[in-house]
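The next block holds one structure in the form of structure tokens; read it before the comments.
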Amino acid sequence: MIKFRSLAIYSILSILLISCGRNKNVSDTSKKVFRYNESEGIASLDPAFSRNRETIWAANHLYNGLVQMNDSLNILPSIAKNWEISEDGKTYTFHLRSDVYFHDHELFTDGKGRKVVAKDFVYSFNRIIDPEVASPGKWIFNNIDYVEERDFKAFEAIDDTTFKIYLTNPLPPFLGVLTMQYCSVVAEEIVSHYKNDYRNNPIGTGPFKFKMWEEGSKMVLRKNENYFEKDAKGNQLPYIDGVAITFVKDIDQEFFSFLTGELDFMNDPKGDNKDAIFTSDGKLQPEQAKKFNMITNPQLNTEYLGILVDDELSIVTNSPLRKKMVRQAINYGFDKKSMMTYLRNNIGTPATAGFVPKGLPSFNEDIVKGYSYDPEKAKELLFAAGFPNGEGLPEITLYTTKDYVDLCEFIQHQLNEIGFKIKIDLNPGITHNELVARSKVNFFRKSWMADYPDAENYLALFYSKNFTPHGPNYTHFKNFDFDKLYEKAQSETNDSLRQHYYREMDMILIEEAPVIPLYYDEVVRLYQKNVKKLGVNPLNLLSLKTVELN
């Protein structure tokens, strides 16, 4: 049935490609609006809650922080024009631009956006760590230093253009941390006015400003005419007039919309149309290459299955997944290489090393040896765990979203062959993420896309002080040796030694198996022929301020 559907879709695509051409991309108006779809929806436009890709992209359109990262992963100025780091690595002093303004709003004097000053960053960063806000990004400031001599201020505005951050210990990747969308600047008077409804009424400083949002239907952002950044020739950014985001859930319908020119861009195409787009080795089919462009890049993203391992939760104490040998058996129980070949057209790399992906310095598959396909070993582990051939093993539910149901069904089939009884439960993306964040499910598909290019960003998912919902530790993994290594690595300035600590932590994760790494991802972007200057980066961050539509 699946093969028949794929052939039918391929035929439809061929007809569409011949009949539609590429001129449908021309708008009926003179406005140049970049259009894309978010099948999983957007949960919030408050940067304090930018914990997944969809929300991160939206925040990147609307906001700025102190610093930013380019496509080569270099840290560049943004609202901060320059900065100094103290010799002990614990004090960061940022000097702000004086020409950055918030988007216009009636709460500002004369309805005009006011200038950003240092105290706005004090407010924005304190808001991230405020327990009442309950930001999932609170963990990024675990290392800030409160001391009595500064009136317990970890963030300090010296004057309007000088802002300081104090750390308890040096943190080498800290500038990278500050490029995260959590660290965007917001205006206190706006947030205080809207309170919990700020998610629907964002006011930032970014290249685009909020126009409208019909949840489940469409979002529109308009060009910020007062944006402070210019290109190398002194031209005002952004070039385009706006951004339109739709929320079509069906991924095949999304692709049809792209083919007919209703969308300018698609990220990581999924579903039964993959074979119609890609060759078996992940290249663009020759006919498709005539109609649209593709750009790819290795991505700092690990796709994985997570397992809740917190014995204090009843959902864990009543589950066979609390046993390490059962978790290890799952790791051995399915063929990742075949999964990538048949379901991903070999886009990405099977995760046969640790949780930290390819592309980071600590990645070393010769030192950190993960799990390979070994069904006999999996059966031995089940026997040792008290479930010979799966006897007495209760049904285990794997929670996922529709975009990954094919992967989960592949895993389900192979695990069932060795004695597991796996059931798949589908939920919308926003619902799924909330269930995982609130520890309501104990076996789930998830991914971690790096916020900054350091392995610490991945290993923070397993530090015991980062339990969800106030941190990224979705599995509630807690290990004394891991925590000690993590804390040592946090303050280690010797790169070689820090990478050694990272590998030691990764090996602990392999042994304890709170996660099953599936694959290390690849950024795949499809875009129309009239789209120019669309970049790509290992973080898969979508930046539209320099994009042109011809």
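The values are calculated or read from the model by the stated rules, or taken from the named source; none is laboratory data. None of these values were measured; they are calculated from a predicted model. Ideal geometry is used to build each Cβ from the backbone, glycine not excepted, and the neighbour counts take in all protein chains shown.
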Query raised in the report: Among the strands (runs of 3 or more DSSP E) contained in region 38-109, which hold 2 or more residues that are among the aliphatic types (A, V, I, L, M)?
Result: 67-69, 75-77, 80-85
Query raised in the report: Taking region 172-189 on its own, how many of its residues are of a type in the set (A, V, I, L, M) and surrounded by fewer than 20 Cβ atoms within 10 Å (Cβ to Cβ)?
Result: 1
Query raised in the report: Which of the residues belonging to region 312-331 are crowded, with 22+ Cβ neighbours inside 10 Å and either in a loop (DSSP other than H, G, I, E, B) or under 27 Å from the mean Cα position of the chain (by Cα) (or both)?
Result: Arg327, Gln328, Ile330, Asn331
Query raised in the report: Only one of (1) among the polar types (S, T, N, Q); (2) surrounded by 18 or more Cβ atoms within 10 Å (Cβ to Cβ); (3) over 30 Å from Leu343 (Cα atoms) fails for Asn226. Which number is that?
Result: (2)
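Here is a yes/no grid of residues against (1) surrounded by fewer than 21 Cβ atoms within 10 Å (Cβ to Cβ); (2) in contact (Cβ under 8 Å) with a residue 60 or more places away in the chain; (3) basic (Lys, Arg); (4) not assigned by TED's automatic domain parsing to the domain that holds Leu539:
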position: Lys423; (1), (2), (3), (4): yes, no, yes, yes
position: Phe443; (1), (2), (3), (4): no, yes, no, yes
position: Ala455; (1), (2), (3), (4): no, yes, no, yes
position: Tyr458; (1), (2), (3), (4): no, yes, no, yes
position: His470; (1), (2), (3), (4): yes, yes, no, yes
position: Tyr474; (1), (2), (3), (4): no, yes, no, yes
position: Gln490; (1), (2), (3), (4): no, yes, no, yes
position: Asn494; (1), (2), (3), (4): yes, no, no, yes
position: Ile510; (1), (2), (3), (4): yes, yes, no, yes
Query raised in the report: Considering Phe125, Phe108, which residue is aromatic (Phe, Trp, Tyr) and over 29 Å from the mean Cα position of the chain (by Cα)?
Result: Phe108
Report summary line: Of the conditions (1) more than 22 Å from Asn540 (Cα to Cα); (2) at pLDDT 95 or above, the single one that Val220 does not satisfy is (1)
Report task. Just give me the residues in region 198-217 being farther than 29 Å from Pro453 by Cβ, surrounded by fewer than 21 Cβ atoms within 10 Å (Cβ to Cβ), charged (D, E, K, R) and modelled with pLDDT of 95 or more, in sequence order. Result -> Lys211, Glu214
Query raised in the report: Is there any pair with a first residue in region 256-278 that is surrounded by fewer than 21 Cβ atoms within 10 Å (Cβ to Cβ) and a second that is hydrophobic (A, V, I, L, M, F, W, C) and assigned to a loop (DSSP other than H, G, I, E, B) whose Cβ atoms are under 6 Å apart and which are 6 or more apart or on different chains, and what are they?
Result: Ser257/Leu263
Report task. Collect the residues in region 298-349 that are of a type in the set (Phe, Trp, Tyr) and under 29 Å from Lys283 (Cα atoms), keeping them in residue-number order. Result -> Tyr304, Phe334, Tyr342
Report task. Inspect region 137-152 for any residue being surrounded by fewer than 17 Cβ atoms within 10 Å (Cβ to Cβ), among the small types (Gly, Ala, Ser) and within 27 Å of Leu221 (Cα to Cα) and give the result as yes or no. Result -> no
**Report entry** Subset of region 229-243 (residues that are crowded, with 21+ Cβ neighbours inside 10 Å and outside any loop (DSSP other than H, G, I, E, B))
**Finding:** Val243
Report task. Of all residues in region 215-258, count the ones that are of a type in the set (Asp, Glu), touching a strand residue (DSSP E or B) at 6+ places or on another chain (Cβ under 9 Å) and more than 21 Å from Ile79 (Cβ to Cβ). Result -> 2
Requested in this report: Within region 361-378, track down each residue that is assigned to a loop (DSSP other than H, G, I, E, B) and surrounded by fewer than 19 Cβ atoms within 10 Å (Cβ to Cβ).
Outcome: Pro361, Asn364, Glu365, Asp366, Ile367, Lys369, Ser372, Tyr373, Asp374
Query raised in the report: Can you find even one residue in region 116-137 that is under 30 Å from Ser496 (Cα atoms) and either modelled with pLDDT under 95 or not assigned by TED's automatic domain parsing to the domain that holds Lys223 (or both)?
Result: yes
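Here is a yes/no grid of residues against (1) in contact with a Cys (Cβ under 8 Å, 6 or more places away or on another chain); (2) without any contact (Cβ under 8 Å) to a residue 60 or more places away in the chain; (3) polar (S, T, N, Q); (4) under 24 Å from Asn226 (Cα atoms):
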| residue | (1), (2), (3), (4) |
| --- | --- |
| Asn82 | no, yes, yes, yes |
| Val100 | no, no, no, yes |
| Asp110 | no, yes, no, yes |
| Phe125 | yes, yes, no, no |
| Ser135 | no, no, yes, no |
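Residue-by-condition table, conditions (1) among the basic types (Lys, Arg); (2) assigned to a loop (DSSP other than H, G, I, E, B); (3) at pLDDT below 95:
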residue	(1), (2), (3)
Ile140	no, no, yes
Ala157	no, no, no
Phe163	no, no, no
Tyr166	no, no, no
Pro172	no, yes, yes
Tyr182	no, no, no
Val185	no, yes, no
Val191	no, no, no
Query raised in the report: Which is over 30 Å from Phe292 (Cβ atoms), buried (at least 16 other Cβ atoms within 10 Å of the Cβ) and in contact (Cβ under 8 Å) with a residue 40 or more places away in the chain, of Pro514, Pro538?
Result: Pro514
Report task. State whether the residues of region 418-433 include one that is farther than 13 Å from Asn52 by Cβ, touching a Leu at 6+ places or on another chain (Cβ under 6 Å), outside any loop (DSSP other than H, G, I, E, B) and modelled with pLDDT under 95. Result -> no
Requested in this report: Taking only region 468-488 into account, find how many residues are assigned to a helix (DSSP H, G or I) and either among the polar types (S, T, N, Q) or modelled with pLDDT of 95 or more (or both).
Outcome: 7
**Report entry** Number of positions in region 379-415 that are small (Gly, Ala, Ser) and either touching a helix residue (DSSP H, G or I) at 6+ places or on another chain (Cβ under 7 Å) or assigned to a helix (DSSP H, G or I) (or both)
**Finding:** 3
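The rows are residues; the columns are (1) under 20 Å from Ala58 (Cα atoms); (2) not hydrophobic (A, V, I, L, M, F, W, C).
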residue	(1), (2)
Lys211	yes, yes
Asn226	yes, yes
Gln236	no, yes
Phe255	no, no
Gly261	no, yes
Lys270	no, yes
Asn293	no, yes
Glu303	no, yes
Ile307	no, no
Requested in this report: Would you mention how many residues in region 246-255 are outside any helix (DSSP H, G or I) and either crowded, with 20+ Cβ neighbours inside 10 Å or of a type outside the set (S, T, N, Q) (or both)?
Outcome: 4
Requested in this report: Output yes when any residue across region 77-84 is basic (Lys, Arg), modelled with pLDDT of 95 or more, in contact with a strand residue (DSSP E or B) (Cβ under 7 Å, 6 or more places away or on another chain) and outside the structural domain of Phe228 (by TED's automatic domain parsing), and no when none is.
Outcome: yes
